[in-house]
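Okay, structure first, notes after.
Quick note: the coordinates plus some simple rules give every number you see, no bench work behind them. Fair warning: this is a prediction, and the values are worked out from it, not measured in the lab. Here Cβ is always computed from backbone atoms with ideal geometry, including for glycine, and neighbour counts include all displayed protein chains.
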Amino acid sequence: MTRRIVLLVLALVTVMHTERAAELRFAVHSDPKTFDPLLATEEVSETIRYLTGGVLIRLNRQTQELEPELATSWKVLDGGKRIDFVLRKNVCFSDGAPFSAADVVATLRRIMAPGLTSGVADLFRSAGEEITAKANGLNEVSIFFSTPVRSPELLFDQLAIARAHSAAPETAVLGPFMLQSHKSGQYVLLQRNPHYWKISPQGERLPHLDSIRLDVLANRETELFRFRRGELDWVDKVEPEAFERLKKGAHPGTLNVGPSLDSEFLWFNQNPNAPLPAYKKRWFQSRLFRRAISAAMNRDDVVRLVYRGYAHGAASFVSQANKFWFDSRLTPPSYDPQLALRLLHEDGFRFDGRILRDRGGNAVEFSFITNAGSKTRIQMGTILQQDLMKIGIRLNFLPIEFQSLIERITRTAGYEACLLGLTNFEIDPNNQMNVWLSSGTHHAWNPGQAKPATAWEAEIDRLAQLQHATSAPAVRKAAFDRIQEIVAEEAAIIFLVHPDVLVAVSPSLHNVKPSQLAPHLYWNIEHLSLSGLEQRREN
Amino acid sequence: MKVIRVLALCILVLVAASSVAADFLAPHDYAEQFRQHANEAPSRSFPLGTDDLGRDRLSRLLQGTRISLLCATLAASLATSTAAAVGLIAGYFDGWVDEIAGVLTDLFLSLPWLFALLSLRALLPLDTSTEVSAGATFLLLAAVGWAPSARVIRANVTSLRNSRLIVHARAYGCGRARVLWLHILPNLRPVLLAQFWILVPAFILTEANLGLLGLGINEPMPSWGNMLTELQNYQRIPEEPWILAPALLLVLVVGSLQFVVSGRNIWE
């Protein structure tokens, strides 16, 4: 009898314990390469860094305002050459060790160490050759940049503070979760950090969730299938076609968050040293030719057919998702083949109803490359092929392996036009200066110029330097708006679309506030909670 | 089971004939985009429906069948000829010739052909037409696909070399070339045919797999490979079962080829 009672009590305890276990489950598409937050270079490691790492300041992905985290306040001084932080008191790492200014100094020292390569390290290095940190007591720290940095506080949104003198930074973290276990190729399990400092407005210790299971699933269709079966709590970046299927199936929780920061675009090779025939170089360097091509492209059809309506025509790198930097005066060029033909005629081209020829009688035919394996870009390319055929231009479309493509666009200049996309994580365009400055290595159409090849590129250089030299937001915005307008007028880069952020979230998950900015779903992870756990277990 | 073989042969003839007459049978141009009719179900205008860009699936299937079948057949002929040459020489001439041929065969068997294909695609001039690009892809498949057949042919030649027939031919004063051309090669005919019929579906399937990786025949030209990429979204199949048409045709053709080649072995 006693034995039975003991067993019953044990069973009850187990049931109660299981009821408490609120485990969030979602899929990642590969194994993380590292758990060290300062070495994260790819998406999965960065996801784990976001979920486990504590940062000084966090960008609120909804309001796009900076909010205090481990730092209660901060001040930018010396025109962007210094930033002072006041740190939160009584904060502990997940192993119970106290957090202090020494940890911030050690993290900065490590991130700037020669040889350390990671996304965050590159971000800090691009901000200044030398960055030093000095602790002013236990709870204050000053960071010094060798050159003025625009919006230096934004850098700290991604810098997970690690414990000083820790051999394995992933073992002591300041974020809401900490690493529990990892089975290569199967899953990563994170558990609640018992020492996490944040408390909800209702006075509850955060995070609400007990654990997070990240299942490694390379196949997106399997991910969707498991989501439909209730085995996963969300799917991020749902493909438009799958999104439509979910919507058709009346699956609750499908949500179009709106345009992302990403963009799809193409550009012509304007490099004077490119191994191309002289007459083709003349076409590509002609503003009228580029504008004609832009006018001949049916962006609405790209949106409707390739993205099933879940995208927006683009006029610039900056989409509507970027509240402050979006230039509302710019609108995507309308599809107008007649305008395209008029512009081409003005530029000396002749269309005989079948073939377009330049002044020299050369039939207009060019190739454009894109990365093999991207279904959306291949479809876009096929649409553009037919659009340009209508004005007598023959387009050879060549999807090639990504490394060869990079080699061609950055080193050999052995290409005519290129269709690519940009996945953007930053809202401040200062990080794009490498693209806009004529000397920049990513100045797509003609990189690494010793001096600007054209007057409009010189003007872009001037505006880029102006926005970098001032910290006044209005001046910076005006300068960057003008840069975008010049790029649009010159059709230096022909923007096509900004794809929408499509997500699917389980109805049992609460407080999810999907954002257009990455990470779209877990940026407020500590506030998420689950209900209907009983039902889930039955599933 | 002669009936099955005859049926399989009829299917192959029918498929081949319809692909040859694709230009006459196809209701539309395979590349034409009817953008207002994208993703439509089968109808009188579009008997197999339309794809994401509004292109007629039937026209693309007919044209794609022509390309896949023609290219695979040509590549299989080339690969079988190469295999025959290497196998004959290696099997007949013993010693260092056989050793060199063996090394060459092993080398081609161990070649990472996917990387070779990636490199080839990257090295092709940018103004390469889709037709040339498709030809180059199949040429490369032939160039790396002959090795397994060469081993089979070599083994057959080795056993033939010591047969009474060849010993008698040599005793009557036949030269090496005559022995190879008139006595060994005709006796290899069933082996060569079998290798050819095995390689055809193998190349069709390889092109289909390359299509799934985005490395097959370039758009807008259709092939079974690039048409099969739609099936990656397999959850779409219950709603739009007609997208299975290229897969069913592929299975039908490959299956028929197998029955034609080895039907007797399977059924008797």
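What shape does region A:77-170 take by its C-alpha gyration tensor, where a ≥ b ≥ c are the square roots of the eigenvalues and a/c under 1.5 counts as rounded, a/b above b/c as prolate, and the rest as oblate?
Oblate shape, in that a/c is at least 1.5 and b/c is the bigger or equal ratio.
Would you list which aspartates and glutamates come within 13 Å of A:LYS513, measuring only between C-alpha atoms, while excluding same-chain residues fewer than 8 positions from it?
A:ASP236, A:GLU526
222 nm [θ] for chain A, helices only, -39500 (n - 2.57) per DSSP H run of 4+, per residue, to 500?
That calculation yields -9000 deg cm²/dmol at 222 nm.
Residues with beta-carbon under 13 Å from that of A:ALA106, excluding A:ALA106: net charge, scoring Lys, Arg +1 and Asp, Glu -1?
Net of charged neighbours comes to +3.
State to the nearest 20 debye the size of the charge dipole of region B:3-262 about its Cα centre, where the only charges are +1 on K and R beta carbons and -1 on D and E beta carbons.
Value, rounded to 20: 1280 debye.
Which longest run of chain A has no exposed loop site in it, a site being trypsin sites (Lys or Arg not before Pro) in a DSSP loop with at most 13 other beta carbons within 10 Å, and the site itself not part of the run?
Counting only loop sites that pass the neighbour cut-off, the longest clear stretch is A:391-539.
Counting Lys +1, Arg +1, Asp -1, Glu -1, what net charge surrounds A:GLN467 among other residues with beta carbon under 14 Å of its beta carbon?
Surrounding charge for A:GLN467 is -1.
Put +1 on the Cβ of each Lys and Arg and -1 on the Cβ of each Asp and Glu in chain A; which of A:THR441, A:ALA250, A:ILE494 then has its Cα farthest toward the positive end of the dipole?
Among A:THR441, A:ALA250, A:ILE494, the one farthest towards the positive end of the dipole of chain A is A:ALA250.
Out of B:LEU124, B:GLN258, B:SER19, whose Cα points farthest toward the positive end of the dipole of region B:3-262 (charges: +1 Lys, Arg; -1 Asp, Glu; placed on Cβ)?
After comparing all options, I get B:GLN258.
Would you list B:CYS71, A:CYS92 from fewest to most Cβ contacts within 10 Å?
Ascending Cβ contact count within 10 Å gives the list A:CYS92, B:CYS71.
Charges only on Cβ, +1 for Lys and Arg, -1 for Asp and Glu: so what's the dipole of chain A about the Cα centre, in debye to the nearest 20?
360 debye
Which one, A:PRO429, A:ILE111, B:LEU199, is farthest towards the positive end of the dipole of the protein assembly as shown when Lys and Arg carry +1 and Asp and Glu -1 on their Cβ?
Final value for the positive-end residue is B:LEU199.
Which cross-chain or sequence-distant (5 or more) residues have an amide H under 5 Å from the amide H of A:ASN371, H modelled 1.01 Å from N in plane?
Sorted by chain and number, the residues that satisfy this are A:ILE400.
I'd like the per residue volume of the convex hull spanned by the Cα atoms of region B:1-152, given in cubic angstrom.
Dividing the Cα hull volume of region B:1-152 by its residues yields 169 Å³.
Summing Lys, Arg as +1 and Asp, Glu as -1, what charge do residues with Cβ under 12 Å from the Cβ of A:CYS92 carry, A:CYS92 excluded?
+1
For chain A, what does the alpha-carbon gyration tensor say about shape, rounded, prolate or oblate, given a ≥ b ≥ c as the root eigenvalues, a/c under 1.5 as rounded, and a/b over b/c as prolate?
oblate
Could you work out the relative contact order of region B:3-262? I mean the mean sequence separation of Cα pairs under 8 Å and 6+ apart, divided by the number of residues, in percent.
Result for region B:3-262 is 25 percent.
Within 10 Å of each residue's Cβ, count the other Cβ atoms and sort A:TRP456, A:TRP436 from fewest upward.
Arranged by neighbour count, lowest to highest, A:TRP456, A:TRP436 become A:TRP456, A:TRP436.
Provide B:SER149, A:SER142 in ascending order of the number of other Cβ atoms located within 10 Å of each residue's Cβ, fewest first.
Listing B:SER149, A:SER142 from fewest to most nearby Cβ atoms yields A:SER142, B:SER149.
With angles folded into 0 to 90 degrees, how steeply does helix B:245-267 sit against the dominant principal axis of chain B? Use alpha carbons for both and round to 10.
30 degrees
Between 0 and 90 degrees, rounded to the nearest ten: what's the tilt of helix A:473-490 against the longest Cα principal axis of chain A?
Taking Cα atoms only, the helix is inclined about 40 degrees.
Is the shape of region B:113-189 rounded, prolate or oblate, going by the alpha carbon gyration tensor and its root eigenvalues a ≥ b ≥ c, with a/c under 1.5 for rounded and a/b larger than b/c for prolate?
Verdict is prolate for region B:113-189.
Take the Cα atoms of region B:3-262, build their convex hull, and give its volume per residue in Å³.
Hull volume over Cα atoms, normalised by residue count, gives 156 Å³.
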